[in-house]
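Below is one structure; the comments refer to it alone.
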Amino acid sequence: MTTDSSRTNTSAPGGISTFKGQERALRADRLGTGGLLLSVLAATAPLMVVAGVMPTTYAVMGIVGQPLLFVVLGVVLILFSVGYAEMSRHVHNAGAFYAYISRGLGGTAGAGAALVALVAYNALQVGIYGIFGFEVSGLLATYADLEVAWWIPALLAVLAVGLLGWLKIDVNARVLGVLLVIEVLLVVIFDVAAITDPAKEGLSLHAFDPDTLTGAGVGTALCFCIAAFLGFEQAPVYAEETSRPHVLVPRVMFLAVGGVAVFFALSSWALTVATGPSAIVGTAQKQSAGLLFFLTESRLGGTFTDVLHILFVTGMFAALLSFHNVVARYAFAMGREGLLPAAFGRTSGSSGAPGTGSLLQTAVAAVVVIGFAVADDKPVGDPTAPVLHLFTWCGNIGALGVILLMAAASLSVVVFFVRRGAAGAQSWRLLTSALAGIALLVIAGYTVKDFEVLVGAGPDSSLSWVLPGIIGLALAAGLVLGLVLRARAPEKHARIGLGNEAFQLDKAASS
């Protein structure tokens, strides 16, 4: 008798086949190491980081040692990944963060984490539509002499991403993979060009000097830079869709963190080499998000720069698709466990994808984009235009939420293994988790403290507490939901974080 939940046929009264397993379990064996790695790395949007995050960090924070920050954060996130990856061997759930937190800190904490994750990843995904629409509008004006409002390409992207969300996950992985490989290749070509044609200061390693990380801007620069890594932590979300999650998920996480840290450290160093360490801040302030394109124009020519602009757009699309898939799977996991309506806990019969969650994410994105479009009464190039606020506001809300989730997950790893009596056997993993959790809490503290800087608001602006307050409200709402379930539906509360394991238990009990 088969134990494949996707093919298990249960019968309703009257002998009607309902195929509950297919509805409530994501299809396994759909992703290997390559597909999972590409799906995860696509969310990091490497070209968007090199062309957007890095110049902004140099310009706003004045921190020359940005390459060293990527190395430091790489170490912190590898420490985090040690315990997180070990947890993935014991818990296979598309809810990832909240499932781990539930297992360690209890169902109520897990419910709070679930709402934070849903809001945070939605914010990260929706925010990218702002910069996507802005860039596509600019490209159409430059190369096609066509004036198009930013929200038109943004809404078209919402529809395209929603459609792909209904397709098979392996199709999406191929789309993400092709875009990602080309994107990375072009950035590597720039890195090589910068190193072989340095500015007058030559191949200076000054950017890796610890003395460059002094001053008030370091904490805020950490907030900017850690956002560049977001995506690696998504690997466990796809655990149910891999054949060997206990092997593939940890492998992909370490490959992703290590690869991203090295890639971003070298690329941010290449920017300092191309301008000279003494000139990088001033040049970034002058060129802003055009810094990378300004440097490639002089070294690699106009054609290469034009292609880079196009890949900038496709890279953002890949990130949109990757975050969309994660949000849909969080909604699926929450629906399966009673934290959202049961309709979210079923997969679509044709592809096995979490279709209702995909529709939810598409609807949220469309509503937010339309809202910002209605509020937009300024030219698209105006730095105060809502289209740019969409990117910065939502991006930083999402980053804060994920940083807090990582810190809570680090604590849950420690509690989980201590409660299982495995503290001795897992002692070094518990130590790395504790160190990572402390570091992440410090970064979260700087994020909240300097939120007005991150979103470009004044020190007296209400945005400095309203925007991070969204994450606080999500946490509070989740905790209240958890408490209500514990009081009124203890059987549902006990299932939080169990995911497909709870379904298997139900199936065994009814057989």
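Excluding ligands and nucleic acids, what accessible area in Å² is computed for Asp145 using a 1.4 Å probe, to the nearest 10?
Here the residue's solvent-accessible area equals roughly 130 Å².
Using 0.36 nm times the number of residues separating Ile438 and Thr303, minus their current alpha carbon distance, what extension gain do you get?
Details: separation 135, 0.36 × 135 = 48.60 nm, distance 4.65 nm.
Residue separation times 0.36 nm, minus the Cα-Cα distance, leaves 44.0 nm.
Full extension from Ile182 to Trp428: what is 0.36 nm times the residue separation minus their Cα-Cα distance, to one decimal in nm? Before the final figure, lay out the partial values.
Numbers: separation 246, 0.36 × 246 = 88.56 nm, distance 3.85 nm.
Extending this stretch completely gives an extra 84.7 nm.
How much length is gained on full extension from Ile370 to Leu167, taking 0.36 nm per residue of separation minus their Cα-Cα distance? Before the final figure, lay out the partial values.
On the way: separation 203, 0.36 × 203 = 73.08 nm, distance 2.51 nm.
Full extension from Ile370 to Leu167 adds 70.6 nm.
With r as the distance between the Cβ atoms of Val480 and Ala343 and R0 = 25 Å, compute the FRET efficiency 1/(1 + (r/R0)^6) and round to 0.05. Could the numbers behind the result be given before it?
Values: r = 22 Å, r/R0 = 0.88.
Once the sixth-power term is evaluated, E becomes 0.70.
Find the relative contact order for the stretch 307-364 and round it to a whole percent, using C-alpha pairs within less than 8 Å whose residues are 6+ positions apart.
28
Where does each of Thr44, Thr196 land when they are ordered by accessible area, with a 1.4 Å probe and the largest first? Walk me through the intermediate numbers first.
On the way: Thr44 10, Thr196 105 Å².
So the residues, ranked largest to smallest area, are Thr196, Thr44.
How far apart, in nm, are the 7 Å Cα→Cβ label points at Ser278 and Leu203?
About 2.1 nm, to one decimal.
For Val218 and Ile152, what does the FRET efficiency come to when R0 = 35 Å and r is the distance between their Cβ atoms, rounded to the nearest 0.05? Don't skip to the end; give the middle numbers.
Working: r = 40 Å, r/R0 = 1.14.
Computed FRET efficiency for Val218 and Ile152: 0.30.
Sorting Val249, Val76 by accessible area (1.4 Å probe), largest first, what list results? Each step should come with its number before you reach the end.
Details: Val249 0, Val76 20 Å².
Result, largest first: Val76, Val249.
Debye calculation, C-alpha points only, no solvent: report log10 I(q)/I(0) for the stretch 404-502 at q = 0.15, 0.19, 0.24 Å⁻¹, in the same order as the q values.
Result of the Debye calculation: -0.86, -1.03, -1.15.
What ranking of Lys492, Lys449, Lys200 comes out by heavy-atom accessible area, probe 1.4 Å, highest first?
Details: Lys492 90, Lys449 130, Lys200 200 Å².
Highest to lowest solvent-accessible surface, that is Lys200, Lys449, Lys492.
What figure in square angstrom, to the nearest 10, would you give for the accessible area of Arg429 with a 1.4 Å probe?
In the full protein context, Arg429 sits at about 60 Å².
With every protein chain left in place, what is the accessible area of Thr347 in Å² (1.4 Å probe, nearest 10)?
Counting only protein heavy atoms, Thr347 exposes about 20 Å² to solvent.
For labels at Arg420 and Gln285 in the simple 7 Å Cα→Cβ model, what's the distance in nm?
About 5.2 nm separates the two model spin labels.
Given a Förster distance of 45 Å, report the FRET efficiency between Arg174 and Ile195 from their Cβ-Cβ distance, rounded to the nearest 0.05.
Values: r = 32 Å, r/R0 = 0.71.
Result of the calculation: an efficiency of 0.90.
Summarise the accessible area of the stretch 277-424 (1.4 Å probe, protein heavy atoms) by the percent that is carbon and sulfur.
Values: 3470 of 5170 Å².
Result for the stretch 277-424: 67 percent of the exposed heavy-atom area is carbon or sulfur.
How large is the Kirkwood hydrodynamic radius of the stretch 240-313, in angstrom, based on all distinct alpha carbon pairs?
On the way: mean 1/r = 0.0672 Å⁻¹.
Result for the stretch 240-313, one decimal place: 14.9 Å.
The values are calculated or read from the model by the stated rules, or taken from the named source; none is laboratory data. The shown structure was predicted, so the numbers you read here are calculated from the model rather than taken from an experiment. Please note: Cβ atoms are built from the backbone with ideal geometry, for glycine as well, and neighbour counts cover all protein chains shown. With ligands, DNA and RNA removed, areas are computed over all heavy atoms of the protein, side chains included. Shrake-Rupley method; radii C 1.70, N 1.55, O 1.52, S 1.80 Å.
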